[in-house]
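First comes the structure, then the notes that go with it.
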Amino acid sequence: MDIRKLQCYLAVAFEGNLTRAAESLYLSQSALSGQIKQLEETLGYPLFVRLARGMALTAEGETLLPYARNAVQALEDFRSRGAGLKSPAASRLIVGLNTDPAFLRMAELARHMRVSVPGVQLSFIVSQSRYTAGALRTGEMHVGFRYGMWGEEGVHDEFVASVTLVIAIPSVMAGRVQPGDWRGLAALPWIYSFRGCPFHVAVRERMSAFGVEPNPVEQTVDENIMRELVAEGMGVAVLREDDGRRLADAGQAVLWPETLQIPLCLSYPAGRGYTAPLREFRDVVRSVWGGERALVA
């Protein structure tokens, strides 16, 4: 019985879904299914019940789960200790933050990590969603928050929550367009970031039904600058709902009545999600975010 089969077992148990588990391990579904089948054949009984919407542990699967975790952890501890004897160093996890630390609950994440894995040094760096994959490949960061599901080679995007977006119209422009007039909205001056930004992809996809696109006049990749430009009456922007509502409460913007949704994800190198300390960080993120499916900050 090799450790890879146990990692596959843990992945399916953690995700409860064969597709997500295969993506996180950077395996095909058939390869993952084969590993699970071989493990079950070795044991002589099933570990999972195949359901229409996922995979559920059998009673035997539940019983063996902590032993599999201990076995995998023991091998990782052996490797870590062996490397440490050659070059002692504290375990470190570098986390990329693509937006406000408070919005991403950085302080709470750090507090939970200190309790669950006190030997890990947690470092946070500022990042942007479009550069996350490159930073993961070079080792500049080990894991990063970002908006959108990018589907990039060698990077797994794990869904964390759905983030609500609003379209904020400067108060001085609000009288120039009526609710529901998407063509009129598109014709207003827009504050834009890069074309592949998930915020603007969501807007363009909605506007495509009307055969129009936003009219960009100002460009910035910083959410704070974008919010300030709206407040100054420079143009329309798509913002997180909490940012948009602050502008509306201050009388600086009017919010379009229809909202949009994009995913907030945790991205990391495919196949590395079940190695320490990234595995523990994923557990902490799930705990802190509480399995939320829709997020209004």
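Condition check: within 28 Å of the chain's Cα centre (by Cα) and either under 17 Å from Glu158 (Cα atoms) or at pLDDT below 90 (or both). Does Ala11 satisfy that?
yes
I'd like to verify a number: residues in the range 90-117 that are assigned to a helix (DSSP H, G or I) and either touching a Gly at 6+ places or on another chain (Cβ under 9 Å) or touching a residue at least 24 places away in the same chain (Cβ under 8 Å) (or both), how many?
Residues in the range 90-117 being assigned to a helix (DSSP H, G or I) and either touching a Gly at 6+ places or on another chain (Cβ under 9 Å) or touching a residue at least 24 places away in the same chain (Cβ under 8 Å) (or both): 5 in total.
Look through the range 14-35, keep the residues that are under 19 Å from Leu65 (Cα atoms) and in contact with a strand residue (DSSP E or B) (Cβ under 7 Å, 6 or more places away or on another chain), and return whichever of them is modelled with the lowest pLDDT.
Ser24
Going by the structure shown, is Ala71 of a type in the set (A, V, I, L, M, F, W, C) and in a helix (DSSP H, G or I)?
Criteria met by Ala71.
Among the numbered criteria (1) surrounded by fewer than 13 Cβ atoms within 10 Å (Cβ to Cβ); (2) over 30 Å from Gly134 (Cβ atoms); (3) not aromatic (Phe, Trp, Tyr), which single criterion is violated by Leu188?
(1)
With the checklist (1) in a helix (DSSP H, G or I); (2) modelled with pLDDT of 95 or more in hand, flag the one item Glu280 doesn't pass.
(2)
When you scan the range 118-212 for helices (runs of 4 or more DSSP H) that lie fully inside it, which ones turn up with 3 or more residues that are charged (D, E, K, R)?
Correct list: 198-207.
Would you confirm whether any residue within the range 166-175 is free of Cβ contacts under 8 Å to residues at least 40 places away in the same chain and either farther than 27 Å from Ser287 by Cα or touching a strand residue (DSSP E or B) at 6+ places or on another chain (Cβ under 9 Å) (or both)?
yes
Out of the residues in the range 242-269 meeting the condition of being surrounded by 19 or more Cβ atoms within 10 Å (Cβ to Cβ) and outside any strand (DSSP E or B), tell me which one is nearest to the chain's Cα centre (by Cα).
Asp243
Can you name every residue in the range 209-226 that is touching a residue at least 40 places away in the same chain (Cβ under 8 Å) and either of a type in the set (D, E, K, R) or touching a His at 6+ places or on another chain (Cβ under 6 Å) (or both)?
Across the range 209-226, the qualifying residue is only Glu223.
When the residues of the range 213-241 are narrowed to those that are part of a strand (DSSP E or B) and not aliphatic (A, V, I, L, M), which ends up surrounded by the most Cβ atoms within 10 Å (Cβ to Cβ)?
Arg240
The values are calculated or read from the model by the stated rules, or taken from the named source; none is laboratory data. It should be emphasised that the depicted structure is a prediction, and the values quoted were computed from it without experimental measurement. Using ideal geometry, Cβ is built from the backbone for each residue, glycine included, and neighbour counts are taken over all protein chains shown.
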